[in-house]
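Report on the following structure.
The values are calculated or read from the model by the stated rules, or taken from the named source; none is laboratory data. The model shown is predicted, which means the values in this text are computed figures rather than measured ones. Cβ atoms come from the backbone with ideal geometry, glycine included; neighbour counts cover every protein chain shown.
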Amino acid sequence: MRIGIRLHDTKKCPLEERLQIVRRQGFSCVHIALGKTDGLPKETDALTPGYALWLKKVFADAQLDMAVLGNYQNLAHPDPVKLKEIQHRYTAHLRFAALAGCGMVGTETGAPNEDYHYDKEANHSAEALEIFIHNLRPVIADAERFGVILAIEPVYKHIVWNPKRAREVLDRIASPNLQIIFDPVNLLDPDNLDHREEVIEEAMDLLAPEIAMIHLKDYVLEDGKMNAVGCGFGEMDYRKIVEFAETKKPYIHATLENTSPETAEQSRQVIEELTNKYRKKPGGVQ
């Protein structure tokens, strides 16, 4: 794995300085979401070729990969005017990523309501899935035109909420430019924590060919709710995830989430120690 970090979890300062700090902390790649990063233009109309090429140069100067350009918009928005704006923003991000030297735009899979709230019955319905697939198709067509991957991230509280549902989307869209961001914690909920390992193993089995990136975080269960924390500060067991990455996806980008500038290196070390232990095992990847 090539371990990275979300840019909006790092110290707030000018981008050039921010990326140098990321590099000094031992990371090799960055998940960047323009809408969540202070000091960067984020409006759709601002995503010009000049901006993209400047960003490409800044990342190259810091010797960091731009692993993914995040654009977490609701592709199941029920307002047709707003939906067109959202699809246009995806197109702009895909074009921008192509120019900036970033091979992937990342997204989650929304909810069939205006404010993106969790309604289990509605979000997990067959109708919601049909809406999402229909609205995703033109975005994937643009991804193919620009030669960029659009990677969807299954999340229990969203429309694509389990591995089987993600597999269905992949098979029905049937595009090499549609891939998966694998976030094990996002597939979990108090509803399924009693069989956590089975959920994660199913995702690795069903989605392995299309997994293009891994997100790594931890969680703690408090008062019946899962709260996301940095790796090593909660209840996750990463051993099988590390084994999957090392055997099936050896140079995959894996970005940490829910870290702080003070805890980022500690979380990185948790994953690196497990990776090193796996590599030293008999039969481990050397």
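This table checks each residue for (1) among the β-branched types (Val, Ile, Thr); (2) surrounded by fewer than 19 Cβ atoms within 10 Å (Cβ to Cβ); (3) touching a helix residue (DSSP H, G or I) at 6+ places or on another chain (Cβ under 6 Å).
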| position | (1), (2), (3) |
| --- | --- |
| Glu201 | no, yes, no |
| Val220 | yes, yes, no |
| Gly230 | no, no, yes |
| Asp237 | no, yes, no |
| Pro250 | no, yes, no |
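For the range 50-95, the candidate set comprises residues that are among the hydrophobic types (A, V, I, L, M, F, W, C) and more than 21 Å from the chain's Cα centre (by Cα); within that set, the residue that is nearest to Ile3 (Cα to Cα) is Ala62.
Condition check: over 17 Å from the mean Cα position of the chain (by Cα), modelled with pLDDT under 95 and not charged (D, E, K, R). Does Gly234 satisfy that? So Gly234 does not fit the description; no.
For Leu187, the stated conditions do not hold, so it cannot be described as surrounded by fewer than 19 Cβ atoms within 10 Å (Cβ to Cβ) and either more than 18 Å from Arg6 (Cβ to Cβ) or small (Gly, Ala, Ser) (or both).
Counting only residues that are more than 16 Å from the chain's Cα centre (by Cα), within 16 Å of Ser260 (Cα to Cα) and surrounded by fewer than 19 Cβ atoms within 10 Å (Cβ to Cβ), the range 21-44 holds 6 of them. Selection of the range 82-115 for residues being farther than 19 Å from Asn162 by Cβ and among the hydroxyl-bearing types (Ser, Thr, Tyr) yields Tyr90, Thr91. So for the range 202-218 (the condition being more than 19 Å from the chain's Cα centre (by Cα) and either part of a helix (DSSP H, G or I) or closer than 26 Å to Leu69 by Cα (or both)), does at least one residue qualify? Taking every residue of the range 202-218 in turn, none turns out to be more than 19 Å from the chain's Cα centre (by Cα) and either part of a helix (DSSP H, G or I) or closer than 26 Å to Leu69 by Cα (or both). In the range 253-282, the residues that are more than 17 Å from Val22 (Cα to Cα) form Cβ pairs under 9 Å with partners that are of a type in the set (Gly, Ala, Ser) and part of a helix (DSSP H, G or I), at six or more places apart or across chains, as follows: Thr275/Ala245. Answer yes or no as to whether Pro138 is modelled with pLDDT of 95 or more and more than 16 Å from Leu75 (Cβ to Cβ). Criteria not met by Pro138.
Checked against (1) in contact with a Leu (Cβ under 6 Å, 6 or more places away or on another chain); (2) under 22 Å from Val185 (Cα atoms), Gly106 passes all but condition (1). Is it fair to say Gly106 is modelled with pLDDT of 95 or more and surrounded by 19 or more Cβ atoms within 10 Å (Cβ to Cβ)? Answer is yes for this residue. Screening Ala76 with (1) under 19 Å from Glu17 (Cα atoms); (2) in contact with a Gly (Cβ under 8 Å, 6 or more places away or on another chain) gives one miss only, at (1).
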